[in-house]
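These notes concern the structure reproduced below.
Values in this text are rule-based calculations from the coordinates and carry no lab data. If you're wondering where the values come from, they're calculated on a predicted model, not measured in any experiment.
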């Protein structure tokens, strides 16, 4: 059973690919350029160069695959790209799709990214292909963007105010996606994936302080200021506005909830922030040898 994976070099897919290959499942990794192929081939994956904007290449990528892990990057055209992938999957006779969406995706979502995911999810539900939709919360791995300020000043910046978020480790998303790719028991359903606890950035700073043995401070920013900092580093207006809208919603408590979906599907409890920080963030903060 060949499993086609889009977004094959992303935070989630890289863990899924390693898990599937480790258990002997054939993986076809879709990449945008040949430069991305060597590492995936060394791991044992088949690779195919294709683009969401090129229907012919999507059709070639899907040919002969039985299952699709559909990941699309955040982009102003993401819904159109996902629609093209769904069409290619139907044309190629793919039997099942596991879709990585976004937390609480829907037409009333707080950002265009969230609303686009909602449109894709609705399309997939009516596509005539067996599917399961996974909607992960804010990634713990997003905090790696703060490594520089943590190293230099012991500060983590965020525009979430005092709000709590049920943030999730991307490894847990991958564990759920891997299980869903291999077991159709959850088909026909939509699951919001979260960590075990809803935590604030004050909690994050306190736990990091304990782990690294020095004071870590959380410095709140306004969503407007964060959006401007994104513009300043050259990202376009769609990204800046998206971050602004998401973080304004988070600061108002929109993300303050958890579910038990990770444990229910993967069979393992979701990783806590402390576990993530110990495994990943503290290591990233350590001086390079």
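Would you mind classifying region 167-289 by shape? Square roots of the alpha carbon gyration tensor eigenvalues, ordered a ≥ b ≥ c; an a/c under 1.5 is rounded, otherwise it is prolate if a/b is larger than b/c and oblate if not.
Oblate.
Beyond 27 Å, what share of the Cα-Cα pairs of the chain remains, rounded to the nearest whole percent? That tail contains 42 percent of the Cα-Cα pairs. Each helix, a run of at least 4 DSSP H residues, gives -39500 (n - 2.57); summed and divided by the residues of the chain, these come to -13000 deg cm²/dmol at 222 nm.
Give the angle, between 0 and 90 degrees and rounded to the nearest 10, that separates the Cα long axis of helix 201-212 from the longest principal axis of the Cα atoms of the chain. Computed tilt is about 80 degrees.
Taking the alpha carbon gyration tensor of region 91-218, what are the square roots of 5 times its eigenvalues, largest first, to the nearest whole Å?
Square roots of five times the eigenvalues give 35, 16, 12 Å.
Computed over the alpha-carbon atoms, region 1-141 gives an Rg to Rh ratio of 0.95, Rh here being the Kirkwood radius from the mean inverse distance.
Restricting the calculation to Cα atoms, region 48-126 shows an Rg/Rh of 0.97 when the hydrodynamic-style radius is the Kirkwood one. The fraction of Cα-Cα pairs per 5 angstrom bin, counted from 0 for region 150-230, comes to 3, 12, 16, 17, 17, 12, 9, 8, 5, 1 percent, rounded to whole percents. For the chain, relative contact order (Cα pairs under 8 Å, six or more residues apart, normalised by length) works out to 17 percent.
Using C-alpha pairs below 8 Å separated by at least 6 residues, the relative contact order for region 115-246 is 29 percent. State whether region 229-275 is rounded, prolate or oblate according to the following rule on the C-alpha gyration tensor (a ≥ b ≥ c being the square roots of its eigenvalues): a/c under 1.5 gives rounded; otherwise a/b larger than b/c gives prolate, and the remaining case gives oblate. Verdict is prolate for region 229-275. Taking Cα atoms only, the orientation of helix 237-251 departs from the longest principal axis of the chain by about 60 degrees. For region 155-226, the relative contact order is 56 percent, taking Cα pairs closer than 8 Å that sit 6 or more residues apart in sequence and dividing their mean separation by the residue count.
If you restrict to DSSP beta bridges whose two residues both lie in the chain, what percentage is antiparallel, to the nearest 5?
Details: 2 of 30 bridges.
So the antiparallel bridges amount to about 5 percent of the total.
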